[in-house]
Amino acid sequence: MSGTPMVRVEHLVKRYPAGALPRPALDDVSVTVARGEFVAIVGRSGSGKTTLLNAIGGLDRDCAGVLEVDGRALARMGDRELARMRNRGIGFVFQAFHLLPQLTVLENVMLPASFDDRGALPTARGRAGDALARVGLSDKAAVPPTRLSAGEKQRVAIARAILNRPALLLCDEPTGNLDAETGRNVIDIFLELAAKDGTTLMIATHEGRVAEAAGRRVVLAAGKVVEG
Amino acid sequence: MRRNVVRSRSHFVFAGIGLVVGSATLAFFLALSGGAREKILNRLYPVNQVEFQIETVRLFGLGIEVPSRLDEATLAALRGLPGVAGVYPKQRTKFPARLWGGRDVLGYEARLEAFLDGIDPVLVRDELRAAEREVLGAEEGRTVYWSAFRDREGERRIACELSNAAAQTGDDAVAIRGTVTDGADRKPCPEGTYCAATNVLSARGFCEAPVPALVSPFLLEVYNSVAATAMGLRKLSGLEVMLGVQFAVLFGESYFAPDERVDRRVVKRARIVGFSNKAMEFGVTVPLPYVERANLALRGREEASEYTSVIVETHRNEDVPAIVDDARVLGLTLSPRSEEGRKAANVLLVLTIVFAMVSVVILGISAINITHTFLMLVTERRAEIAVWRAVGATLLDVRLLVLGEALVLGLAGGASGLAVAYGLSRAANAAASGVLAHVPGSPSDLFVFSLPVIAAGVACAVLFAVVGAWVPASRAARTDPATVLSQG
Ligand SMILES: Nc1ncnc2c1ncn2[C@@H]1O[C@H](COP(=O)(O)OP(=O)(O)OP(=O)(O)O)[C@@H](O)[C@H]1O
Ligand SMILES: [Mg+2]
């Protein structure tokens, strides 16, 4: 593995438009995540976990400071490059799943392939099948996501995130809407991804057991890193 | 994409109705305008032909040389103009004449003052053939008339004589054919010819085919609607009944004007072989050489070499204005008929533009409607758009996805609009057929759904749908994925 870290954040400041908060949502945050690392980002509600993940994933570009993913500075990337990076290099998993109800499970998982400019569509069906198998949902491929349980939905969302085998997975409270049992199930999937594929994981969470599974914890409080 | 359209079908139907109405209106009026141009206007006034006559107002004192004659020299000058494809002079008879005949079809013998117009047969050949085919069908196994419209006098010179000079003004078919005097066996003139005496006093002459004549469809219309009604006569059903009708013309004798010297009066037999909008409206149109010869015989060389008007055919329609200007220098002006054609074309153009603008306004309103609907849809689908962005959609992708849906909507609206326009055009044809049934030569289909009309109908619907979706597409691209996705 090369020496460049997967994620390098230095002196990151994020300020939401005036009036919302008196202080910046992220206030001089510096974090470095090595390749293959499993990092839990913890902190109280409003501490800035989601804001940090959105900044790293390039979903929120309106921040100051150094932000590098895989050695590349996000600030210097155009929209096309950033979109390509989100398509191939980064997978997102959200607390609210965000599956598209009008598509089947398989089509949801295939969605990144429709924005892949490598002509990836022909192989997408096969790869989506593999991804579904990894999360144990091969039998639900043709079903619309509205007919799945919460745990199953989140597993579909993970399958979608790993379709293009990204090096970095950004997960925002992936177990927040799940009961303990299904939550554990999802954590096992993450652990397997880290172990087998060497995927770098950054997971924002409130839950102790997720944090325990992680190799390292970064603790945020009022927009500052207080530990990690 | 497909599912998105299906999911919001009711919104789309609502947004698309304006497109359907707009493109239907556009296609309907463009097709009607095309039909009017192609099937009525261009038949009455061919686009690449203009007719000139001598300018009646002379430009005295302006230093411009105006020829007083439309003769061979003027024709040669016209032929030399750039863009001119053909020059076809016309000449009227310059002496009095009267005609009688038509008992077979009218039920009585018509007696009329005869006005004869001579035209170059080449000018009407194709048109005659097509018109004849339209009313009589395929040429196999029936009498063909149009091909007889040519100069037939010099074909074969067989001397003949009539039983007496008076026989030529009678209507006894056998007497008119006379007897061939060349041979010893005293046969009548060949089938399809008659014995044309040198003048009304003479019984001797040559076997000749009847003078081929054209009439205007307008004449039949006038006869049916005015003359037949007023005089309680039989109405003529269609143009075809006129084909083959024979009549006699007496050159040099008039119902109105003083007659010519008796030894210059000649009787000719004529036969109608076609009808054309280029034929004189109140009169008979014959191949030019007949008129030239008759004018030469009755009026002399000077008169016979001066033409009444000239039709100039151009290579391209765009050449017409320049040629009109050049012809003015030669002392020629547009004939009333050509002038009328230009005005009619201008009126049609203005009407087409007005109706096209009405359609564009309807399409504009539907575009505004689409903007509203799409803004609503884009707001409703913010989460979906944010997911696209998260999994790798560029801003352009998002824009194109929204515009793509507008494109589908536009295509569907345009296609339905065309279908509606076509349906309406059939209904309009059916409604018009009742009115137009007794107008000879009127088209049964008033519309021309040409490729440009179809393309315009669909393209305008697509264009306005895409324009309408432009702002919503930008709004979609501005969706902030971070905000949308972190909400539960
Ligand atoms: N779009 C926004 N506009 C203004 N302020 C915002 C916006 N999003 C977040 N904030 C503020 O920024 C701070 C950090 O929010 P963030 O969502 O990152 O917290 P979090 O740690 O993810 O909290 P939670 O655990 O509740 O998800 C909060 O104080 C929040 O009120
Ligand atoms: Mg959060």
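The values are calculated or read from the model by the stated rules, or taken from the named source; none is laboratory data. Not measured: the values here are computed from a predicted model. Note that each Cβ is placed from the backbone with ideal geometry, even for glycine, and that neighbours are counted across all protein chains shown. Calculation scope for accessible area: heavy atoms of the full protein, side chains included, ligands and nucleic acids excluded. Shrake-Rupley method; radii C 1.70, N 1.55, O 1.52, S 1.80 Å.
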If you project the alpha carbons of the protein assembly as shown onto the principal axes, what extent comes out on each, in Å, largest first?
-> 136, 63, 47
Unpaired by the 4.7 Å Cβ criterion, cysteines found in the protein assembly as shown = A:63, A:171, B:460
Count of lysine pairs in the protein assembly as shown with Cα separation under 29 Å (8 or more residues apart, or interchain) | 22
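Could you work out the equivalent-ellipsoid semi-axes for the stretch A:60-199, taking the square root of 5 times each eigenvalue of the Cα gyration tensor, largest first, in whole Å? Numbers along the way, then the final one.
Numbers: eigenvalues 126, 68, 39 Å².
After diagonalising the Cα gyration tensor, the semi-axes are 25, 18, 14 Å.
Given Cβ point charges of +1 (Lys, Arg) and -1 (Asp, Glu) and nothing else, what value in debye, to the nearest 20, does the dipole of chain B about its Cα centre take?
1440 debye
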Roughly how large, in nm² to one decimal, is the mean projection of the convex hull of the alpha-carbon atoms in the stretch B:105-148?
-> 4.7 nm²
With the dipole of the stretch B:363-488 worked out from charges on the C-beta (+1 for Lys and Arg, -1 for Asp and Glu) around the Cα centre, which of B:433, B:411, B:448 lies farthest toward the positive end?
-> B:411
If one takes the longest principal axis of the Cα atoms in chain B, at what angle in degrees, from 0 to 90 and to the nearest 10, does the Cα axis of helix B:288-299 lie?
-> 40 degrees
When only C-alpha pairs under 8 Å and at least 6 residues apart count, what is the relative contact order of chain A, in percent?
-> 30 percent
Could you list the GluC sites (Glu not before Pro) in the stretch B:204-307 that lie in coil according to DSSP, counting only those with at most 13 other Cβ atoms within 10 Å of their Cβ?
-> none
Of every Cα-Cα pair in the stretch B:419-480, the percent that sits beyond 15 Å = 67 percent
Assigning unit charges at the beta carbon (Lys, Arg +1; Asp, Glu -1) and nothing else, what dipole magnitude in debye, to the nearest 20, does the protein assembly as shown show about its Cα centre?
-> 1940 debye
Check each of the trypsin sites (Lys or Arg not before Pro) in the stretch B:250-287 and keep only those in coil by DSSP with at most 13 other C-beta atoms within 10 angstrom; list them in order.
-> B:261
Principal axes first, then extents: for the Cα atoms of the stretch B:340-487, list largest minus smallest coordinate on each axis, whole Å, largest first.
-> 76, 28, 22
Helix A:121-134: angle to the longest alpha-carbon principal axis of chain A, degrees 0 to 90, nearest 10?
-> 80 degrees
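With the alpha-carbon atoms as the only input, what is the per residue convex hull volume for chain B in Å³?
Hull volume over Cα atoms, normalised by residue count, gives 215 Å³.
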How large is the accessible surface per residue of the protein assembly as shown, computed with a 1.4 Å probe and reported in Å² as a whole number?
-> 46 Å²
Add -39500 (n - 2.57) for each DSSP H run of 4 or more in chain B, then divide by its residues: what number comes out at 222 nm, to the nearest 500 deg cm²/dmol?
-> -15000 deg cm²/dmol
Rounded to the nearest whole number, the per residue volume of the convex hull around the C-alpha atoms of the stretch B:127-255 in Å³ is 154 Å³
Helix B:320-329 sits at what angle to the longest principal axis of chain B, using alpha carbons and giving 0 to 90 degrees rounded to 10?
-> 40 degrees
Per the charge dipole of the protein assembly as shown (beta-carbon charges, Lys/Arg positive, Asp/Glu negative, Cα centre), the residue among B:189, B:309, B:35 reaching farthest to the positive end is B:35
Trypsin sites (Lys or Arg not before Pro) restricted to the stretch A:100-190 and DSSP loop, no more than 13 other C-beta within 10 Å | A:118
Percentage relative contact order, the stretch B:70-200, counting C-alpha pairs under 8 Å, at least six apart | 14 percent
Please report, in Å, the Rg and the Dmax of the stretch B:212-325, where both are computed over Cα atoms only.
-> 17.8, 51
Computed over all unlike Cα pairs, the Kirkwood hydrodynamic radius of the stretch B:203-243 in Å stands at 12.4 Å
Calculated from DSSP helices alone, with each H run of at least 4 adding -39500 (n - 2.57) and the total divided by the residues of chain A, [θ]222 nm to the nearest 500 comes to -9500 deg cm²/dmol
In debye to the nearest 20, the charge dipole size for the stretch A:1-111, taken about the Cα centre with +1 at each Lys and Arg Cβ and -1 at each Asp and Glu Cβ, equals 40 debye
In whole Å, what is the distance between the alpha-carbon centres of the stretch B:290-362 and the stretch B:391-425?
-> 45 Å
Between A:3, B:233, A:145, whose Cα lies farthest towards the positive end of the dipole of the protein assembly as shown when Lys and Arg beta carbons carry +1 and Asp and Glu beta carbons carry -1, centred on the Cα centre?
-> A:3
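Determine the total buried accessible area between chain A and chain B, counting protein heavy atoms only with a 1.4 Å probe; round to the nearest 100 Å².
For A against B, buried area totals roughly 1900 Å².
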On alpha-carbon atoms, Rg over Rh for the stretch B:65-104 using Kirkwood Rh?
-> 1.24
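Expressed as a whole percentage, what fraction of the accessible surface of the stretch B:317-379 belongs to carbon and sulfur atoms when a 1.4 Å probe is rolled over the protein heavy atoms?
74 percent
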With springs only between Cα atoms under 10 Å apart, run a GNM on chain A and tell me which of A:77, A:202, A:110 wobbles the most.
-> A:77
So what is the relative contact order for chain B, in percent, with contacts set as C-alpha pairs under 8 Å and at least six apart?
-> 29 percent
